[in-house]
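K.L.:
Submitted below is the structure of interest, expressed as structure tokens.
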Amino acid sequence: MQEPWIEAKEEYQNQPLPPQLNARVKQAIAQGQKQTQKPRWVMKGLISFAAAAACFTLMMHVSPVFAQNVAKLPVIGEFLRLVTGVQIDKEDANEVIHITLPKVENSGNAEFEKRINQRIEEELNQLSAEARGQAEALKKQAASQKEPYYPVDFYADYHIHYNQGTLLSFSIDTTTTMASGYDQRYFFNLDLETGQELTLAEVIGPENLAAADQQIRAQIERQLAENPSSFFDFDEEGGYAGLSANQKFFINENRQVVVVYDEYEIAPGSSGTPEFILSLPLLK
């Protein structure tokens, strides 16, 4: 019996190439060029993606050799597991909200997909609602002080970190911009075979948490030696105090666990969201 993603790919290959594809790509590019409110680098990326998607679709249809090679690639060959689901866009005088909502599909476990996709949607709905509330509060504050009000910007997108075998690791990355920007990242590490969302302890083994903690401390010490302001000191409030079994993490393309901390959690905002690559084997 074939893997679900292989059957999906074969069905996809048999679809006729829409004659209006080129026109639609050009239309998307034209529309993107008109949206001047987005940063130039974002629009350049969208245009490049649209062109690349058109070329990829064309090659999948006209070149059997190309399609066969795609199926052998470790990540792209399984790209149907995660697709863009819902695009949420809202812009007015109070707020600017742009969300690209990821959707897990073709895992072979419909109930698991439903549960994960519902949680993704609920988290992003909550985050956008918080941004909306912040916008209203700031607008009232500006009005009371007779100061100019600038809309709150909330952007959310996703990034696939690992998609091989039965493991899928991706993040939802958000940026809320008011007087300054604030980044948050939410990670999903899924075992598609068992239908489970994995914790750090389950991926490296609870017996290896102490070793992982020592590796993180060593990396922080090296960075503090080079730049004393890169992290809060261990003895300071907010300094690194140890590794939790449920700490945020993702699996990178080299099949390594990368532990991640939120902005300002253990370091100043200038350090962003600190990441630590662990030299420990995965149990999954």
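Every number here is computed from the coordinates shown, using simple stated rules; none is lab data. Here the structure is a predicted model, which means the values were calculated and not measured. Note that we place each Cβ from the backbone using ideal geometry, even for glycine, and neighbour counts take in every protein chain shown.
K.L.:
If you bin every alpha carbon distance in segment 200-277 into 10 Å steps from zero, what whole percent lands in each bin?
P.N.:
Result, from short to long distances: 18, 53, 26, 2 percent.
K.L.:
Using the Kirkwood radius built from alpha carbon pairs, what does the Stokes-Einstein equation give as D for segment 81-197 at 25 °C and 0.890 mPa s, in µm² per second?
P.N.:
Calculated translational D: 158 µm²/s.
K.L.:
Report ³J(HN,Hα) in whole Hz for each residue of segment 254-262, in order, from the Karplus equation J = 6.51 cos²θ - 1.76 cosθ + 1.60 where θ = phi - 60°; Gly and Pro get x.
P.N.:
Along segment 254-262, the couplings run 8, 6, 10, 7, 10, 7, 10, 10, 5 Hz.
K.L.:
Which net charge results when you count Lys and Arg as +1 and Asp and Glu as -1 among the other residues whose beta-carbon is under 11 Å from that of GLU275?
P.N.:
Summing Lys and Arg as +1 and Asp and Glu as -1 gives +2.
K.L.:
Using the Karplus curve 6.51 cos²θ - 1.76 cosθ + 1.60 with θ = phi - 60°, what ³J(HN,Hα) values do you get for each residue of segment 91-108, in whole Hz, with x for Gly and Pro?
P.N.:
Whole-Hz 3J(HN,Hα) from phi for segment 91-108: 9, 8, 5, 9, 8, 10, 10, 10, 10, 9, 8, x, 9, 7, 9, 6, 7, x.
K.L.:
Calculate the translational D of segment 125-253 in whole µm² s⁻¹ from Stokes-Einstein, where the hydrodynamic radius comes from the Kirkwood formula applied to all Cα pairs, the temperature is 20 °C and the viscosity 1.002 mPa s.
P.N.:
119
K.L.:
Residue by residue, what Karplus-based ³J(HN,Hα) values in Hz, rounded to whole numbers, does segment 214-227 have, using 6.51, -1.76 and 1.60 with θ = phi - 60° and x for Gly and Pro?
P.N.:
5, 5, 5, 4, 5, 5, 5, 4, 4, 5, 5, 5, 7, 8
K.L.:
Do the alpha carbons of any pairs in LYS114/LYS139; LYS103/LYS248; LYS90/LYS248; LYS103/LYS139; LYS103/LYS284 sit beyond 26 Å of each other, and which pairs?
P.N.:
Violating the 26 Å limit, Cα to Cα: LYS114/LYS139; LYS90/LYS248; LYS103/LYS139.
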